[in-house]
Every structure is written in C-alpha cells, then in structure tokens.
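Shown next, in structure tokens, is the structure this report addresses.
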Amino acid sequence: MEPLRIGIVGAGAIAQRNAKEAAASGAAKIAGVFDLNHKVARDMAKALSAPFFPSYEALLADSTIEAVLLSVPHYLHKPMTVEAASCGKHVLVEKPMANTLDEAREMIACCEKNRVQLTVNYSFRYLPKVQKARQLIQEGALGDITGIQIIAHQFKDRGYWSGARSNSPDDWRASKEKCGGGVLIMNVCHVIDYVSFITGLKGTRVYSEYATLGSPAEVEDIISVTARLSNGGIGSISASSIMRGADQAEERIWGTKGTIILDPEGLSLYSTRPIDGKRPGKLFRYAKFPNVSWTAEWVKGFTSAVRHGAKPAISSQEGWDNLAFISAAYQSMEKGVPVEVEPYPGPLQ
Ligand SMILES: NC(=O)c1ccc[n+]([C@@H]2O[C@H](COP(=O)([O-])OP(=O)(O)OC[C@H]3O[C@@H](n4cnc5c(N)ncnc54)[C@H](O)[C@@H]3O)[C@@H](O)[C@H]2O)c1
C-alpha cells in the first residue's frame with residue numbers, strides 16, 4: 001500500500017508522538033511540517049527529514065501532499081479542516097472533532113463536497129484491552145447490557161492550565177471559547193468513544209451537573225453525567241481534574257450475564273457463561289497485553305480507507321456522535337434539563 005503523504009500541522013505536545021508514530025507506521029510519509037511556532041516546526045521537520053513550510057497556505061499549496069494531520073487547539077479544528085478539504089486534502093484531526101456541532105456539520109459538509117476523507121483521533125480503540133473487551137461482549141459475555149459507569153479523576157496543576165508542558169506554552173486549555181470545555185471534552189471524550197465502540201451503544205438522553213471548583217480556568221474541572229443508553233440501559237460518568245493524590249480511572253460495563261471492568265492495567269471479566277475458555281461464575285483478570293502503537297494503527301486504517309476509497313473506521317460519524325453526547329451534557333447543565341443527543345445528520349451534500 002502506497003504510504004499517504006501527510007503534512008503535519010501543529011508540532012506541539014501530542015504532535016511529537018503523532019508525527020513519529022505516523023512515520024514509523026509505514027503507512028505515511030511525512031511530507032511537510034507547519035506550526036505557527038516556526039522553531040518547533042523546523043526542529044520536527046529536521047528530525048523527520050521532512051520539508052518545513054512557513055505557512056499553512058504554503059503547505060496546502062503543495063500538490064504532493066495528500067492529507068494533513070491537525071494537532072492544534074480545538075477552536076482551530078473546524079477552520080483548518082475546511083481550508084484543507086477545500087484544497088482537496090484528506091484530514092486527520094485530533095480529538096474532539098470540534099467545539100460545537102455547528103462546526104462539526106460544516107466540516108462534514110465541506111469534506112463531502114470536496115470528496116475527501118475525514119478521521120478523528122479516537123485511536124484508543126486500538127488498545128488491545130479495548131479490542132478484547134469488545135470481543136468478549138460480542139461473544140455474549142455480558143448478555144444484555146444494563147449499565148455503564150465511567151470514573152475518571154486526576155489532578156491538573158497550574159502548569160497544565162498555562163500550557164507549561166508544551167513546547168509552545170499557551171493557556172488555550174483554560175478557555176471555554178478555545179477549548180470548548182474542560183475535563184469532559186478534553187480527556188473523557190476518549191473513554192466515551194471507546195466504551196461506545198466496545199458496547200455498540202450510544203447515549204440518547206443526557207443530564208449533567210458541572211462546575212469549576214479548583215482550577216484557574218473557565219472550563220469545568222468536575223462533572224457528573226447521567227445518560228439513557230440506546231438499548232434502554234443507564235450510564236453515568238463521574239470525572240474531575242481536581243482530585244489530589246488519588247488518580248482514579250475505571251470503566252464498568254455490566255449486563256444480564258456478567259460484568260467487565262477496564263482499568264489502566266487491563267481488564268477483569270465475570271460471566272455466568274463459559275466465555276473465552278473461562279469457567280463461568282468466576283472473576284478473571286486479563287493483564288498481559290502486547291504493546292501496540294494505537295496512533296500507528298489509526299494512521300494505517302486511514303491510509304487503507306483512502307487508498308480503497310472506503311469510509312474510515314473512525315469517520316466523521318464517530319467524531320459527531322462523541323461530540324453530540326458531550327454537547328448534550330454541557331447544554332443540560334446550562335438549561336437545567338435533560339437533553340436529547342443529536343443524531344448524526346447523515347450525508348449533507
Ligand atoms: N490523542 C491524544 O491522546 C491527545 C493527547 C493530547 C492532546 N490531544 C489533542 O491534540 C490537540 C493539540 O493538543 P496539544 O496538547 O498538542 O497542544 P499544544 O498546545 O501542545 O500544541 C498545539 C500546537 O499548535 C500550534 N498552533 C496554534 N495555532 C496554530 C495555527 N493557527 N497554525 C498552526 N499551528 C498552530 C501551537 O504553536 C502548538 O505548537 C488538541 O486537539 C488536543 O485535544 C490529543
């Protein structure tokens with residue numbers, strides 16, 4: 001398969017990993033680098049033996065570049081996707097797809113109009129423990145799913161909010177306008193995506209409460225969400241970025257025949273059925289998973305979709321569904337009522 005010639009746009013914290021792993025995947029050739037901060041872009045271009053471009057327009061004007069990988073602050077996802085698509089470039093955009101559903105709609109319409117593919121970086125789907133949980137559920141380990149609980153607590157210090165860990169320090173993460181929100185849209189979006197991938201379920205109606213109680217930021221640092229699931233089950237999320245000294249990350253998925261618990265080290269399974277060669281009625285631990293570059297898997301999948309003219313595995317629909325859930329959660333708190341999740345608008349052209 002001919003590698004996809006990708007222009008790296010944004011050479012900040014996550015772009016360092018994205019660019020290296022895309023290059024190492026064998027499915028991409030880094031064909032250019034641009035960042036407003038020319039120094040970090042030049043450094044990356046040199047490290048990857050790729051050309052440096054002094055502007056986004058110059059990079060998009062290079063006809064040998066087939067796609068862009070956008071690792072830029074959230075408020076730039078929409079305008080930079082639209083600009084790239086209008087120049088006939090395929091787009092790999094970091095999560096979340098955008099800050100609002102109106103922005104996401106414009107991105108979908110523009111990519112459709114220009115016949116380019118769009119993917120959102122929900123590559124945690126390629127984590128082996130996530131793939132395993134999905135497989136166990138597809139084999140019937142849980143029966144009918146009745147409940148999902150996502151717990152995600154950590155502590156973000158002042159340096160996080162001022163961007164001190166980036167090679168281009170900037171406080172965009174603290175701004176509602178630039179970031180779209182806090183811990184839910186920034187961090188938990190990954191978990192919402194992969195739990196939906198594992199279970200095949202979506203949230204359909206959402207109620208939430210959130211607040212900013214301990215951070216120098218406009219965006220929420222604590223949130224609680226309750227959701228009705230597409231099969232009638234109930235889901236909940238408890239997340240914050242202000243829990244000191246006791247990080248907690250766990251997803252529990254349970255049903256009429258069993259329970260799966262995912263945590264940072266692996267997963268546990270209890271099933272009343274004989275699944276995966278395990279004795280029914282006992283709690284089993286899966287902890288030894290191979291190391292996989294989830295970013296490389298994402299890039300490989302996207303290159304294959306582009307080369308075969310197919311829809312990418314993580315397409316604009318997956319990006320939309322995730323953002324629609326998160327947007328409903330934010331609206332619910334703002335309006336003080338439960339909010340229905342807006343379905344994918346389908347082909348817009
Ligand atoms: N997939 C993951 O696990 C993961 C992890 C962290 C961040 N992210 C996402 O990656 C994106 C970037 O986050 P980050 O932590 O790397 O941020 P960052 O602040 O470290 O980097 C952003 C970069 O974008 C550049 N930039 C800003 N405006 C630009 C413009 N107009 N044109 C070109 N470059 C511009 C900045 O100079 C900076 O180098 C966000 O969407 C974030 O949510 C994803």
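The table below gives the values:
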{"item": "For segment 125-290: accessible area per residue (Å², 1.4 Å)", "result": "46"}
{"item": "nm² value of the averaged projected area, convex hull over the Cα atoms of the chain", "result": "17.3"}
{"item": "Kirkwood-type radius of segment 125-290, with distances r between different C-alpha atoms, in Å", "result": "17.0"}
{"item": "Burial ranking of peptide ranges 33-40, 333-340 (average Cβ count within 10 Å, highest at the top)", "result": "33-40, 333-340"}
{"item": "Relative contact order, percent, the chain [alpha-carbon distance under 8 Å, six or more residues apart]", "result": "20"}
{"item": "Stretch gain in nm, segment S268-E2, where the contour uses 0.36 nm per residue and the Cα spacing is subtracted", "result": "91.8 nm"}
{"item": "Kirkwood estimate for segment 1-53, i.e. one over the average of 1/r between Cα atoms, Å", "result": "10.7"}
{"item": "Selection of trypsin sites (Lys or Arg not before Pro), segment 168-239, meeting DSSP coil and at most 13 other Cβ within 10 Å", "result": "none"}
{"item": "Cleavage-rule hits (GluC sites (Glu not before Pro)) in segment 102-176: DSSP loop, at most 13 neighbouring Cβ within 10 angstrom", "result": "E139"}
{"item": "Cβ crowding within 10 Å averaged over residues, with 156-166, 59-69 ranked highest first", "result": "59-69, 156-166"}
{"item": "Cα-based shape type of segment 287-329, given that a ≥ b ≥ c are square roots of the gyration tensor eigenvalues and the cut on a/c is 1.5", "result": "oblate"}
{"item": "Per-residue [θ]222 nm for the chain (sum of -39500 (n - 2.57) over DSSP H runs n ≥ 4, rounded to 500)", "result": "-10000 deg cm²/dmol"}
{"item": "Segment 218-282 - Rg over Rh from alpha carbon coordinates, Kirkwood radius", "result": "1.08"}
{"item": "Antiparallel bridges, percent of DSSP beta bridges restricted to the chain (to nearest 5)", "result": "60"}
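The values are calculated or read from the model by the stated rules, or taken from the named source; none is laboratory data. Quick caveat, the model's predicted, so the values are computed rather than measured. Don't worry about glycine lacking a Cβ; one is built from the backbone with ideal geometry, like all the others, and counts go over all protein chains shown. Ligands, DNA and RNA are stripped out before the accessible areas are found, and what is left, the full protein with its side chains, is counted by its heavy atoms. Shrake-Rupley method; radii C 1.70, N 1.55, O 1.52, S 1.80 Å.
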